[in-house]
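Enquirer: Here it is, the structure, as structure tokens.
Every number here is computed from the coordinates shown, using simple stated rules; none is lab data. Bear in mind that the values here come from a model prediction, so they are computed numbers and not experimental data. For neighbour counting, all protein chains shown are included, and Cβ atoms are generated from backbone atoms with ideal geometry for every residue, glycine included.
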Amino acid sequence: MTENKTVAVIGAGLAGSEAALVLARNGISVELYEARPQWKSPAHKTGLPAELVCSNSLKSQQLPSAHGLLKEELVSLESPLLMAARRNAVAAGSALAVDRELFSRDVQSLLLSNPLIKMTCSEMESPPSEHPYCIIAAGPLASEKLTSWLKSRFPSDTLHFYDAIAPIVSTDSIDFSIAFRASRWEEGEGDYINCPFTEEEYRRFYEALRNADRVNAREFESERFFEACLPVEVSASRGFDALAYGTLRPVGLIDPRSGRRPYAVCQLRRENASGSSYNMVGFQTRLTIPEQQNVFRLIPGLGNAEFLRYGSIHRNTYFDSPRLLSPDLSFREEENLFLAGQICGNEGYTESIATGHLAALFLVSRIRGVKIKRPPLNTATGALLNHITASTVEPFCPSNIHFGLFPAFESPGRKRIGKKEKKEIICKEALLTFDQWKQEVYKCADVI
């Protein structure tokens, strides 16, 4: 084994911060490199670690759901960042949403207070030669210098797509004579603010949205969208009712003014702990700022909306990981170099935390000269890892965790079971299998 056990981690985003903290708690010294605030991507606003640049939601934490299952598995692993997210949660129904600034500052405190972690502000052009091991967790917005090195070093096509950011509005600018608070299918005042459309209001909004000016792609960017995060105007282009049955679906909500279900509903989710700002759920966009002002103020209740942040667009870069990576997230051609986070082909906040955690566990075992098994395929972490490193679908596309990544479900002897019961069985078996894997890994590699 190499005498110098210090590990370099490039990128203090979700994956990099998680990896650094997991390595450190296993007694491994870490130098964590972060380009910000010296260099900022077009989407980042601060120099804080683990900055959430899109939504403030880490999605559902409720079982039986794939997102909830992934969180339960990370809880079992005592994920530092998931614990930080829960400490800084804001009300969001069954979702885990956080106050962005408090969350990032919490992570920053964890990193700075750990004596085994050295934080270095530097834009890295390549992995530092002075460290024998490196995890690249630079994120989907990695600097051009580092991306150029990766492209030149590994013979794989670099793919990219757009990931748009939703606007945030000031709560005191919302017209509550129109908007109302409620969560779907729940009685009483809920966690979301709802802006209800009549059919006439929806039609007016739809037409304005369809005809609005958009930010044009640069010559070197191709328009490849992640289906789970489509710009709202792209969804609208798919048909008049595409939004009414998708982002603006009104199911489970009753307009207290009429006592009936609205034709469509724009939901707003709490952005910070104080509740002074809300983000427009599903309204990631590439409209120009003037058009956002004009079109989004056509939403009932937002006629005088004060936008604290406008929607924007940035390029996400990721690699064809199944062609590049081994099952432990290391490069086949350079086994001491690991990849984690969205740049490796996972999509989503919790998923980035998961791949950062896994990369750290695999690297700890590598340093200790022990080979550990990867998580079973019927677990959320195992299914996600399998997609990243062994997907046979071409072209490779990033993915959130979902049950479609899991092995085919086999009914336990009964002819027919419902969807909910099926998901409950999958989650129950996954948690049992995951715990067995964790105990084996902890015993074999002496990791925590």
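Enquirer: Under the classification rounded if a/c is under 1.5, otherwise prolate if a/b is larger than b/c and oblate if not, where does segment 1-119 fall, given a ≥ b ≥ c as square roots of the Cα gyration tensor eigenvalues?
Expert: oblate
Enquirer: Can you pull the one-decimal nm distance between simple spin-label points at THR392 and THR46, each 7 Å off the Cα toward Cβ?
Expert: Computed distance between label sites THR392 and THR46 equals 4.5 nm.
Enquirer: Specify which labelled value, from (i) 22.1; (ii) 24.3; (iii) 35.3, agrees with mean projected area of the Cα convex hull in nm² derived from the coordinates of the model shown.
Expert: (i)
Enquirer: Give me, ordered by chain and number, the residues 5 or more places off ARG181 or on other chains with an amide H under 5 Å from its own placed amide H.
Expert: Under 5 Å from the amide H of ARG181: ASN194.
Enquirer: Ok, one more. Place the peptides 74-87, 108-121, 396-409, 336-349 in order of packing, highest mean first, counting for every residue the other Cβ atoms within 10 Å and averaging per peptide.
Expert: Averaged packing, sorted descending, gives the order 336-349, 74-87, 396-409, 108-121.
Enquirer: For segment 174-191 and segment 293-351, what is the centre-to-centre distance using only Cα atoms, to the nearest Å?
Expert: The two parts, judged by their Cα centres, are 30 Å apart.
Enquirer: Sum -39500 (n - 2.57) across every DSSP H segment of at least 4 residues in the chain, then divide by the residue count to get the 222 nm mean residue ellipticity, nearest 500.
Expert: Mean residue ellipticity at 222 nm (helix-derived): -9500 deg cm²/dmol.
Enquirer: When only DSSP loop residues count, what trypsin sites (Lys or Arg not before Pro) in segment 376-438 have their Cβ near at most 15 other Cβ atoms within 10 Å?
Expert: Passing both the DSSP loop test and the Cβ count: ARG414, LYS415, ARG416.
Enquirer: Can you give the relative contact order of the chain as a percent, counting alpha carbon pairs under 8 Å and 6+ residues apart?
Expert: In percent, rounded to a whole number, it is 21.
Enquirer: Rank by packing, highest mean first: peptides 191-202, 287-298, with packing defined as the count of other Cβ atoms within 10 Å averaged across residues.
Expert: So the order, starting with the most tightly packed, is 191-202, 287-298.
Enquirer: Quick one: check the C-alpha center-to-center distance for segment 52-122 versus segment 354-378, whole angstrom.
Expert: Segment 52-122 and segment 354-378 have Cα centres spaced 20 Å from each other.
Enquirer: Still on this model: Among LEU81, PHE176, THR381, which residue has its Cα positioned farthest towards the positive end of the charge dipole of the chain, with +1 placed on the Cβ of Lys and Arg, -1 on the Cβ of Asp and Glu, and the dipole taken about the Cα centre?
Expert: Value: THR381.
Enquirer: Might you report the magnitude of the Cβ-based charge dipole of segment 1-156 about its Cα centre, with Lys and Arg at +1 and Asp and Glu at -1, to the nearest 20 debye?
Expert: The dipole magnitude comes to about 240 debye.
Enquirer: Could you compute the FRET efficiency for LEU102 and ASP175, with r as their C-beta to C-beta distance and R0 at 30 Å, rounded to 0.05?
Expert: Approximately 0.60, to the nearest 0.05.
Enquirer: Something else about it: Build a GNM of the chain with springs between Cα atoms under 10 Å: which of HIS387, HIS357, HIS44 gets the top mean-square fluctuation?
Expert: HIS44
Enquirer: Another question, if that's okay. Helix 144-153 versus the longest principal axis of the chain: what angle, 0 to 90°, nearest 10, using Cα atoms?
Expert: 50 degrees
Enquirer: Continuing with this model, one more query. Could you size up the charge dipole of segment 360-442 around its Cα centre, putting +1 on the beta carbon of Lys and Arg and -1 on that of Asp and Glu, and report it in debye to the nearest 20?
Expert: 160 debye
Enquirer: For the chain, with a Gaussian network of springs between Cα atoms less than 10 Å apart, report the residue from GLY301, GLY68, GLY418 with the top mean-square fluctuation.
Expert: GLY418
Enquirer: Using a simple charge model, +1 on the beta-carbon of Lys and Arg, -1 on the beta-carbon of Asp and Glu, nothing else, what dipole does segment 167-310 show about its Cα centre, in debye to the nearest 20?
Expert: 140 debye
Enquirer: Using Cα pairs under 8 angstrom and six or more residues apart, how large is the relative contact order of segment 167-310, in percent?
Expert: 43 percent.
Enquirer: Is there a pair in LYS59/LYS151; LYS371/LYS423; LYS5/LYS118; LYS145/LYS371; LYS40/LYS145 whose C-alpha atoms are over 22 Å apart, and which pairs would that be?
Expert: LYS59/LYS151; LYS371/LYS423; LYS145/LYS371
Enquirer: Can you work out the FRET efficiency for the pair GLU424 and TRP185, with r the C-beta to C-beta distance and R0 = 30 Å, to the nearest 0.05?
Expert: The computed FRET efficiency comes out at 0.95.
Enquirer: Using every Cα-Cα pair within segment 314-414, state what percent have a distance larger than 20 Å.
Expert: Roughly 36 percent, once rounded to a whole number.
Enquirer: Kindly provide the Kirkwood hydrodynamic radius of segment 167-310 in Å, to one decimal, from all pairs of distinct alpha carbon atoms.
Expert: Averaging 1/r across every pair of different Cα atoms and inverting gives 15.6 Å.
Enquirer: Once phi is turned into θ = phi - 60°, what whole-Hz ³J(HN,Hα) does the Karplus curve with 6.51, -1.76 and 1.60 give for every residue of segment 431-445, x standing for Gly and Pro?
Expert: 5, 5, 5, 5, 5, 5, 4, 4, 4, 5, 5, 4, 6, 5, 9
Enquirer: Now for a different question. As an exercise, identify the GluC sites (Glu not before Pro) in segment 1-61 lying in DSSP coil whose Cβ has no more than 13 other Cβ atoms within 10 Å.
Expert: GLU3
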